[in-house]
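Student: Please see the structure below; I have some questions.
The values are calculated or read from the model by the stated rules, or taken from the named source; none is laboratory data. The shown structure was predicted, so the numbers you read here are calculated from the model rather than taken from an experiment. Heads up, the Cβs are rebuilt from the backbone with ideal geometry, glycines too, and the neighbour counts pull from every protein chain shown.
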Amino acid sequence: MKQTTIFNENVPAYEAWYTKYNEVYLSEVAALQEQLLKLPENIKGVEIGIGTGKFAHQLGIKEGVEPASEMAALATKRGIEVVNGTAENIPYKALHFDFVLFVTVCNLKSIKDAFKEASRILKPNGSIIIGFIVKDQLIGKAYEEHRKESTFFRYATFYTVEYISKVLKENGFKNLEYNQTLFGNLDSIKEIQQPKDGFGEGSFVVIKAIKK
C-alpha cells in the first residue's frame, strides 16, 4: 500500500508537522475530546490508524491498529498497545469495544469497509467517533490544490461531511452528532480553538454516531 510505505519512510517529518502546527493539532484534540467526554467512564476503546500515537496519547486511548511498523513503534514508546492491521480488516473479535476512533479517514483504502469493520467490533450501542479534514472547507481545498507537493496527502481522498454521514448510516449507525474546529487556514491558527457544534465553518469536523 503506497500510503503505508510513505508513512514508514517519513516518521520524523510526520512528527515535525505536529510540532510546527501544535495549535492546529491541539484544536483537533479538543474537538475529539468534547465528543469522547460524552461517553460513559471506564469503557474500552481503540483508535484505528493510530499512527505514532499522537492523538491516542493525548486522549487516553490505550489500544490501536496501525499498518506502518515505524509509526507503530513510536506509538508503542508512548505506552500504547498497537497491533498490525488495517481499517478494512481490523484484527479484533466481534463485539469487543465500546468505542472506535478514527482521526482522519483520507488515507483509508475503503471507508465503507472500514465503517463496516468498526460496526463489527463494536458492542451494541457502542460509539464511532471520526475526526477528519473536510473536502469542501478551506484547509481541505488547500490540500487538494497542493496534493502533488505533499508527502502525506498525495494519494489521499478527502470527503464531505454529507458523504461520511451517508456511509455511516448505510453501515447501521444512528444519532449522528457533529462538532467542528480549525477556523482559518493552517498558518493563521496561533491559538488553541474551542470547538463549535455542527459543521459548515471549520475545516476539521468530528462525527459521533451510535451502532444500532
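Student: Out of all the residues in region 19-51, which are within 21 Å of ASP197 (Cα to Cα) and assigned to a loop (DSSP other than H, G, I, E, B)?
Tutor: Hits for region 19-51 are LEU37, LYS38, LEU39, PRO40.
Student: Next question. Please find, within region 1-59, the residue that is modelled with the lowest pLDDT out of those that are of a type in the set (Asp, Glu) and within 24 Å of PHE99 (Cβ to Cβ).
Tutor: First pass over region 1-59, keeping only residues of a type in the set (Asp, Glu): 9, 15, 23, 28, 34, 41, 47.
Narrowing further to those that are within 24 Å of PHE99 (Cβ to Cβ): 28, 34, 41, 47.
On the way: GLU28: 98, GLU34: 98, GLU41: 93, GLU47: 98.
Looking at residues that are of a type in the set (Asp, Glu) and within 24 Å of PHE99 (Cβ to Cβ), I get GLU41.
Student: So which of GLY184, GLY202 ends up being crowded, with 21+ Cβ neighbours inside 10 Å and at pLDDT 95 or above? Don't jump to the end; show me each part of the working.
Tutor: Values: GLY184 fails: crowded, with 21+ Cβ neighbours inside 10 Å.
Answer to the selection: GLY202.
Student: Which one of the conditions (1) within 19 Å of TYR18 (Cβ to Cβ); (2) within 15 Å of the chain's Cα centre (by Cα) does LEU186 fail to meet, given that it meets all the rest?
Tutor: Of the numbered conditions (1) within 19 Å of TYR18 (Cβ to Cβ); (2) within 15 Å of the chain's Cα centre (by Cα), the odd one out for LEU186 is (2).
Student: Out of the residues in region 145-176 meeting the condition of being modelled with pLDDT of 95 or more and charged (D, E, K, R), tell me which one is nearest to ASN10 (Cα to Cα).
Tutor: So the residue we want is GLU145.
Student: Would you be able to tell me the number of residues in region 111-139 that are among the polar types (S, T, N, Q) and either closer than 19 Å to PRO91 by Cβ or within 12 Å of the chain's Cα centre (by Cα) (or both)? Spell out the reasoning first.
Tutor: Within region 111-139, the first condition is being among the polar types (S, T, N, Q), and the residues that meet it are 119, 125, 127, 137.
Then drop every residue that is not either closer than 19 Å to PRO91 by Cβ or within 12 Å of the chain's Cα centre (by Cα) (or both), which leaves 119.
The number of residues fulfilling the criteria is 1.
Student: Quick check: anything in region 50-62 buried (at least 18 other Cβ atoms within 10 Å of the Cβ) and under 21 Å from ALA94 (Cβ atoms)?
Tutor: Within region 50-62 (the criterion being buried (at least 18 other Cβ atoms within 10 Å of the Cβ) and under 21 Å from ALA94 (Cβ atoms)), the answer is yes, since at least one residue qualifies.
Student: Something else: Count, please, the residues in region 79-130 that happen to be in contact with a His (Cβ under 6 Å, 6 or more places away or on another chain) and surrounded by fewer than 16 Cβ atoms within 10 Å (Cβ to Cβ).
Tutor: So the answer is 0.
Student: Of the residues GLU23, GLU81, GLU34, which single one is of a type outside the set (Gly, Ala, Ser), in contact (Cβ under 8 Å) with a residue 60 or more places away in the chain and farther than 20 Å from PHE152 by Cα?
Tutor: GLU34 is the lone residue from the list that is of a type outside the set (Gly, Ala, Ser), in contact (Cβ under 8 Å) with a residue 60 or more places away in the chain and farther than 20 Å from PHE152 by Cα.
Student: Within 25 Å of TYR155 (Cα to Cα) and either charged (D, E, K, R) or out of contact with any helix residue (DSSP H, G or I) (no Cβ under 6 Å at 6 or more places or on another chain) (or both): does that describe GLY49?
Tutor: Numbers: within 25 Å of TYR155 (Cα to Cα): yes; either charged (D, E, K, R) or out of contact with any helix residue (DSSP H, G or I) (no Cβ under 6 Å at 6 or more places or on another chain) (or both): yes.
Here the answer is yes, as GLY49 does meet what is asked.
Student: Turning to a different aspect of this structure: Could you grab me the full set of residues in region 145-168 that are in contact with a strand residue (DSSP E or B) (Cβ under 8 Å, 6 or more places away or on another chain) and without any contact (Cβ under 8 Å) to a residue 40 or more places away in the chain?
Tutor: Scanning region 145-168 gives a single hit, THR160.
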